[in-house]
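Q: Right, I'll just put the structure down here and ask away after.
The values are calculated or read from the model by the stated rules, or taken from the named source; none is laboratory data. As the structure is a computational prediction, the values presented were derived from the model and not from experiment. Because the Cβ atoms are built from the backbone with ideal geometry, glycine has one as well, and the counts that use them run over all protein chains shown.
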Amino acid sequence: MKAGTVITPKQLARQWKTLPNRFEVNLWNFEVKAGKAAASIFKQSFFLHRFNDSGEFGWRRRKDRKTHPILVETGSLRDSIKWKHTGQKAAGVRVYTDPNGFTNTKRHRGFCYAAVHNAPDGTYTYGKTGARSIQRQYIGHTSVLKDKLKVLSATIFNKFPK
């Protein structure tokens, strides 16, 4: 029906009868798109060598002069970024680093070291050396994700009457 068209109460009731189901489907689709977008945006941090946020500075340089980029020794940390629905009763998406992504890595075997890099400077120390950790955040609140979610939120009301 066109906007501004006069309709009867029966037509109005028929039109709104299927909307709760349509809303659930649209919300589910939004969550899927939001989860994929968040994981993608956080993975982009590894290619940008900084947290994917506007105005963010690059990660601190390596002192050991390794040839691979910071935090991309094997790609296991980047590839461990996953998302999932929070549950059936509560709408939402959880983005996390999957500890199972570190079971077959050469270095840090079985140790999910994601929290070390996302934590503030000096929160952790490394093994026998006692060197303090350096924050190289790659997951968190970001304006890039906020802007993407704003665009995606329009899909929640797709095919609703205007």
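Q: Report the residue count in segment 130-145 for those that are within 16 Å of ILE41 (Cβ to Cβ), loosely packed, with under 13 Cβ neighbours inside 10 Å and not small (Gly, Ala, Ser).
A: Residues in segment 130-145 being within 16 Å of ILE41 (Cβ to Cβ), loosely packed, with under 13 Cβ neighbours inside 10 Å and not small (Gly, Ala, Ser): 1 in total.
Q: Let me ask something else about it. Which condition breaks for GLN11 when tested against (1) at positive phi; (2) in a helix (DSSP H, G or I)?
A: (1)
Q: I'd like to check something: does segment 30-38 contain any residue that is modelled with pLDDT of 75 or more, over 30 Å from ASN158 (Cβ atoms) and not in a strand (DSSP E or B)?
A: Within segment 30-38, not a single residue is modelled with pLDDT of 75 or more, over 30 Å from ASN158 (Cβ atoms) and not in a strand (DSSP E or B).
Q: Being surrounded by 14 or more Cβ atoms within 10 Å (Cβ to Cβ) and assigned to a loop (DSSP other than H, G, I, E, B) is the filter; apply it to segment 106-129 and report the residue that is modelled with the lowest pLDDT.
A: Residue satisfying both the conditions and the ranking: HIS108.
Q: Another one. Based on this model, can you work out whether ASN52 counts as part of a helix (DSSP H, G or I) and either aliphatic (A, V, I, L, M) or at pLDDT 75 or above (or both)?
A: no
Q: Quick one: would you say THR103 is over 30 Å from THR18 (Cα atoms), within 16 Å of the chain's Cα centre (by Cα), at pLDDT 70 or above and hydroxyl-bearing (Ser, Thr, Tyr)?
A: No.
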